[in-house]
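Taken together, the values in this text are just the output of simple stated rules run on the coordinates, not laboratory data. All of these numbers come straight from a predicted model, not from anything done at the bench. All Cβ positions, even for glycine, are placed from backbone atoms using ideal geometry, and neighbour counts span all protein chains on display.
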Amino acid sequence: MANLKDKEIPRRRLGKTNLQVSILGLGGEGILRTYGNDGKAHRLINTAIDLGINYLETARAYAGSEGYYGGALKERRKDIILAGKSHARDKKGALEHLKESLTNLKTDYLDIWQMHDVRTEEEIKQIFGPGGAMEAFLEAKKKGLVRFIGVTGHCDPKITAKCLDIYDFDTVLIPVNPAEPSYKCFLEEIVPLAGAKDTGVIGMKAYLQGRFDAPKKLLLSYALSQPVSLAVIGCDDVDQLKENAQAAAEFLPLKYKEVQRLASIIEPYARELMSYKP
């Protein structure tokens, strides 16, 4: 393992999956959401594993990300928890996405397959209705093509909550940062539901997409001080990755007053920061 000043990245249980995941995951954004950067992407992926990061994430919508993973992992596939996503809302489209993902990733299965960015009531009707994507997810799990099923929400926690009410998902991926409490707070809406069903909670957008000037270590500490299993962060290069990994290895939970103070500082800017959620 690469040197993290003699500290290792802690691991936490990911809900009812019972997977032990590093509290920092490698997201599919940054350099991984590009094409034509195979060397840099492969180095980033393998360095992440060397640093003790065992949760790696991608999506069918993330440009060349799946191909990068497929080219980089090789024999290391067995050492990591690999999560993918499909934004298809119908069964046929979702199964096609899964086939493409497995081919690109050069693997026989996904550890976690997630319904990507569910935003509207209409999408919920499509996904859970006859011929909807949910049928594909259940079929894939039954066949062993995926081990666990997750859902991701970016914009409206009430929509994500409805998804959790309809089906007992294994994981849920939500924004977790100090702007959330003053806008549409996913933690407030989702954590009680997830806790009741032992659904593993994964945090994203911990750095506010770089749209607020605050120390990254502080923002990561804020996210990891919440009731989440891990925070997933994309990286532009290996230096960013190492900085994140060091912060995760040195993580100490923020005190309640520190959490509240950080949220209050960002509150005046929360709507502007969180109204942009691609």
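Within segment 11-274, antiparallel bridges make up roughly 15 percent of the DSSP beta bridges whose residues both belong there. Summed over qualifying helices (DSSP H, 4 residues or more, each -39500 (n - 2.57)) and divided by its residue number, the chain shows a 222 nm mean residue ellipticity of -12000 deg cm²/dmol.
For residue 257, the aspartates and glutamates whose Cα falls under 16 Å of its own Cα, not counting residues fewer than eight places away in the same chain, are 267. Which entries in the list 16/106; 99/216; 143/242; 142/184 go over 32 Å, if you measure between the two C-alpha atoms of each? Among 16/106; 99/216; 143/242; 142/184, the Cα-Cα distance tops 32 Å for 99/216; 143/242; 142/184.
With loop defined by DSSP as not H, G, I, E or B, and exposure as at most 11 other Cβ atoms within 10 Å, which is the longest segment of the chain clear of exposed trypsin sites (Lys or Arg not before Pro)? Result, exposed sites excluded: 6-142. For segment 205-231, no residue has its backbone nitrogen under 18 Å from a point 7 Å from the Cα of residue 267, taken along Cα to Cβ. A simple rule links phi to the HN-Hα coupling: the Karplus curve 6.51 cos²θ - 1.76 cosθ + 1.60 with θ = phi - 60°, which for segment 118-127 gives 6, 10, 9, 4, 4, 5, 4, 4, 5, 5 Hz, with x for Gly and Pro. With R₀ fixed at 35 Å, the C-beta to C-beta distance from residue 50 to residue 142 puts the FRET efficiency at about 0.50. Estimated at 0.36 nm per residue, the fully extended path between residue 18 and residue 92 surpasses their Cα-Cα distance by 23.6 nm. Local charge for residue 114 was computed over the other residues whose Cβ lies under 10 Å away, with Lys and Arg +1 and Asp and Glu -1, and equals -2. Please check the chain for the longest run free of chymotrypsin sites (Phe, Trp or Tyr not before Pro) that are loop-located per DSSP (anything but H, G, I, E, B) and have at most 14 other Cβ atoms within 10 Å. Here the longest segment lacking exposed loop sites spans 36-275. Distance between the modelled labels on residue 236 and residue 198, one decimal in nanometres: 4.2 nm (7 Å Cα→Cβ projection). The modelled label-to-label distance for the pair residue 42/residue 108, using points 7 Å beyond Cα in the direction of Cβ, is 2.5 nm. Spin-label model, residue 61/residue 78: points 7 Å from Cα along the beta carbon direction are separated by 3.5 nm. Ordered by the number of other Cβ atoms lying within 10 Å of each residue's own Cβ, fewest first, 229, 65, 22, 264 fall into the sequence 264, 229, 22, 65.
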